[in-house]
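Here's the structure we're looking at; comments come further down.
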Amino acid sequence: MSDDIKGKEKSLITRRKFLAGLTAGAAASALPAGEAGAYAFEELFRQHYKRLDADDLKDILAKLEEELSFKYGKEVHAKATPPMDNTVFGYALDLSRCIGCRRCVYACVKENNLSRDPQIQWIKVLEFQKGNNKWQGLEHSNRYYEPEQVPEKGRFYVPVQCQQCKKPACVKVCPVQATWQEPDGIVVVDYNWCIGCRFCMAACPYGARSFTWGKPSIPKEEFNPEIHYLGNRPQYKGVVGKCTFCIQRSRAGRYTACVEACPVGARKFGNLMDPNSEIRYVLENMKVFRLKEELDTNPKFFYFFSMGTGVKS
Amino acid sequence: MAIDAINGIIRTVVTGSKEYKAWVGFLTLLALVGIAFVFRQIDQGLIATNMRDDVSWGWYIANFTFLVGVAAAAVVLVIPYYIYDFKPIGEIVLIGEIMAVAAVSMCLMFIVLDMGSAERFWHLIPMIGIFNFPQSILTWDVVVLNMYLVLNLSLVIYALSKTYAGKSYKTKLIMPFIFFSVPAAISIHTVTAFLYLGAPSRPFWNTAVLAPRFIASAFCSGPAFMLIIFQIIRKTTKLKIEDAALHKMAEIVTWCMAVNLFLLGSEVFKEMYSATAHIEPFNYLWNGLRGHNQLVPWIWTAVIVNSIAFLILIVPSIRKNFFMLNIACTFIFIGVYIEKGMGLIFPGFAPSTLGDIYDYMPNSMELWISLGVWAIGLLIFTVGAKICIAIKTGEIGHADPSAHH
Ligand code: SF4
Ligand code: SF4
């Protein structure tokens, strides 16, 4: 019953007709405030992403562009690019290179239009003491390190973000299927469908999901106008969000923002199905591991050491 | 007749002793304060609470969990009365079911309050929304809680309308439903335990003993609460409640507390003897971890009061002394309440999956809102119980008060 949620869409009022009625109403009152009100009203009854047909989606994206362009004062392009054939994204992170500078964190915040206040960060860089044998379970991490300069002597760093599990605990527990795994392996959230119960946050073993606890704020001048419906569009108060491997970029054949931002080239990303990809090279030539393997979540996010002998270096 | 009945019920609800009016007024006031704070929460979002990403469930979910236990405890009355025909409980079994209705209503309120986007509640409705059944245990909880609510509500309404008409209600017709209410009660608390124990990401919850412990502790705290209420009821109303009924309940509480403490012991042994890295939340709760020890006094208080209560209850002659019994009941209520919040939900999140410790405690807004929910729940119970007693004692309707139904 639950896997096939597209079956019933025909019997539902299509969003397009609904919206047509609304736009007529909104045109009558030329005030943007009235328009915003109508938009909010439409959102309240908007269907799940997978139940929207192509026309519905087009209308919604157009509305979203209009609303966000008005709000952030720049031309916004909203897409819902579907997954590419024969593509499953994978990621690998070279722990021997990472210097803990957090540039990936800031690049991610900017790229994905994450709220600055309340502060939301999808990448967390954990600091560990070298020689500390309690790091693979992540028990003795320090996320709030603030040294004058990184890397600090005797420390090493483990950035963690959504591991894009092949067996995602978050998807299993969501009571309304607001979060699911796309065919290209990316686990996404429909920010208009999530009810904010936070069950997925309790279930995720990697602290990868962030809740928008209060009204999000994004500085106008830093707003990224290239958005994807399932990715970096601004989230709402009271819903959950997470790393999507920069779906707006990766589905357009680009690197994620964190890969580009890393000054030491610790981050590798690509198509696991493509034998010539960089990620496949890493998997085939490095000794890789994944976090919390004992939970069998089967992440598509790998860690490795390209240099030295690992933690003892 | 229907008009008569409605008039009678309204009269019953609006008239009463000075104490009754003061109690209802007090609860209404608390409810209004709670509602005022709810507006603030809606306006600001859940950021107005002390919950954050690292501890993403808090006081609301703790109360929800505790109250599922109270609701399930109605069975403690149903089993001896209906199934073993233990007559003295007859007068109070309906009150227990009304308590279940009030408790489930509170559970639902706490769930809605905890939702980040409660206006999207319809997403949960099968067919219209998407109901991720059977994968998501939360959907199971929605099913069993609503089923349990409807079941108890129907049983109460059915029994009361029969009694009102002066007829007997213990008929073949409802027996299957009554039998069914026993596994239903067990299921609501089991499924609620499964919400937590089904999360391998949280080693503190991921233990099979959680479900039986939930049941055992619920069958202590729920009846303990009701034992006190029944004594108040028999002092303030014409309803006769025999000592034998109360003693029977106290006996059940005793053995459930024994099981609860036993399961706790197993848990402590497993954690301490295996001493893996997964002991960290356990240490956080019982000893404090890396300088974070705010839960330690709470959990020790819970264990101490539960143990004292058990010692009081285990000796029949002491337990039959109502003064001692009331001390034991109060202790159990406090002990189990702490166990569910400070002892279960909070330490499940600390340290977080990434090793952070965020010391969560509810802020005053969360406390006021929760008090408001409790007030509404107690209002539902008070009014329900008053109507029930009026009908049973023949104050309204045609019941023969001397007959046991
Ligand atoms: S890391 Fe967490 S959020 Fe990401 S897919 Fe796995 S369970 Fe889901
Ligand atoms: S918070 Fe949203 S995405 Fe997470 S389980 Fe609840 S409804 Fe699903």
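Looking at (1) within 14 Å of chain A (Cβ to nearest Cβ); (2) out of contact with any helix residue (DSSP H, G or I) (no Cβ under 8 Å at 6 or more places or on another chain), find the lone condition where B:LYS270 falls short.
The one condition B:LYS270 does not meet is (1).
Would you be able to say whether some residue in the range B:388-399 is of a type in the set (Asp, Glu) and surrounded by fewer than 21 Cβ atoms within 10 Å (Cβ to Cβ)?
yes
In the set A:GLN163, A:GLN136, which member is within 13 Å of chain B (Cβ to nearest Cβ) and either touching a strand residue (DSSP E or B) at 6+ places or on another chain (Cβ under 6 Å) or in a strand (DSSP E or B) (or both)?
A:GLN163
In the set A:TYR255, A:TYR229, A:TYR206, which member is within 24 Å of B:TRP205 (Cα to Cα) and away from ligand 2 (no atom under 11 Å from the Cβ)?
A:TYR206
Select from the range B:14-62 the residues that are acidic (Asp, Glu) and under 24 Å from B:MET361 (Cβ atoms) and write down the one among them that is most open to solvent (accessible area, probe 1.4 Å).
Residue satisfying both the conditions and the ranking: B:ASP43.
It is to be established whether one or more residues within the range B:125-143 are within 28 Å of B:PRO183 (Cβ to Cβ), more than 15 Å from ligand 2 (Cβ to nearest atom) and among the β-branched types (Val, Ile, Thr).
yes
Across the range A:140-179, what is the total count of residues that are near ligand 2 (Cβ under 9 Å from one of its atoms) and at negative phi?
Count: 8.
Under 7 Å by Cβ, and 6 or more places apart or on different chains, what pairs join a residue from the range A:194-218 that is closer than 22 Å to A:GLN136 by Cβ and more than 7 Å from every other protein chain (Cβ to nearest Cβ) with one that is near ligand 2 (Cβ under 6 Å from one of its atoms) and open to solvent by 10 Å² or more (accessible area, probe 1.4 Å)?
A:ARG209/A:CYS200
Looking at B:ILE186, B:ILE178, B:ILE233, B:ILE228, which is the one that is over 14 Å from B:GLY96 (Cα atoms) and out of contact with any strand residue (DSSP E or B) (no Cβ under 7 Å at 6 or more places or on another chain)?
B:ILE186
Have a look at A:PRO234, A:PRO216 and point out the one that is away from ligand 2 (no atom under 16 Å from the Cβ), in a loop (DSSP other than H, G, I, E, B) and closer than 26 Å to A:VAL173 by Cβ.
A:PRO234
Within the range B:183-194, is there a residue that is aliphatic (A, V, I, L, M), within 14 Å of chain A (Cβ to nearest Cβ) and touching a residue at least 60 places away in the same chain (Cβ under 8 Å)?
no
Are any of the residues in the range B:337-346 within 14 Å of another protein chain (Cβ to nearest Cβ), in contact with a strand residue (DSSP E or B) (Cβ under 6 Å, 6 or more places away or on another chain) and either in contact (Cβ under 8 Å) with a residue 24 or more places away in the chain or open to solvent by less than 40 Å² (accessible area, probe 1.4 Å) (or both)?
No, the range B:337-346 contains no residue that is within 14 Å of another protein chain (Cβ to nearest Cβ), in contact with a strand residue (DSSP E or B) (Cβ under 6 Å, 6 or more places away or on another chain) and either in contact (Cβ under 8 Å) with a residue 24 or more places away in the chain or open to solvent by less than 40 Å² (accessible area, probe 1.4 Å) (or both).
Which count do you get for residues in the range B:128-176 that are open to solvent by less than 30 Å² (accessible area, probe 1.4 Å) and more than 14 Å from chain A (Cβ to nearest Cβ)?
Within the range B:128-176, residues that are open to solvent by less than 30 Å² (accessible area, probe 1.4 Å) and more than 14 Å from chain A (Cβ to nearest Cβ) number 11.
Return yes or no: is A:PHE128 in a strand (DSSP E or B), away from ligand 1 (no atom under 14 Å from the Cβ) and open to solvent by 10 Å² or more (accessible area, probe 1.4 Å)?
Considered against the rule, which asks whether it is in a strand (DSSP E or B), away from ligand 1 (no atom under 14 Å from the Cβ) and open to solvent by 10 Å² or more (accessible area, probe 1.4 Å), A:PHE128 comes out as no.
Mind checking which residues of the range B:195-209 are touching an Asp or Glu at 6+ places or on another chain (Cβ under 9 Å) and either free of Cβ contacts under 8 Å to residues at least 40 places away in the same chain or closer than 16 Å to B:ILE279 by Cβ (or both)?
The answer is B:PRO200, B:PRO203, B:PHE204, B:THR207, B:VAL209.
Considering every residue within the range A:106-121, establish whether at least one is open to solvent by 20 Å² or more (accessible area, probe 1.4 Å), within 16 Å of ligand 1 (Cβ to nearest atom) and not hydroxyl-bearing (Ser, Thr, Tyr).
yes
Tell me which residues, restricted to the range A:153-171, are more than 9 Å from ligand 1 (Cβ to nearest atom) and either crowded, with 16+ Cβ neighbours inside 10 Å or of a type in the set (A, V, I, L, M) (or both).
A:ARG155, A:PHE156, A:TYR157, A:VAL158, A:PRO159
The values are calculated or read from the model by the stated rules, or taken from the named source; none is laboratory data. Every value quoted in this text rests on a predicted model; they were computed, and no experiment measured them. Reconstructed Cβ throughout: ideal geometry from the backbone, glycine too, with neighbour counts over all protein chains shown. Heavy atoms of the whole protein, side chains included, go into the accessibility calculation; ligands, DNA and RNA do not. Shrake-Rupley method; radii C 1.70, N 1.55, O 1.52, S 1.80 Å.
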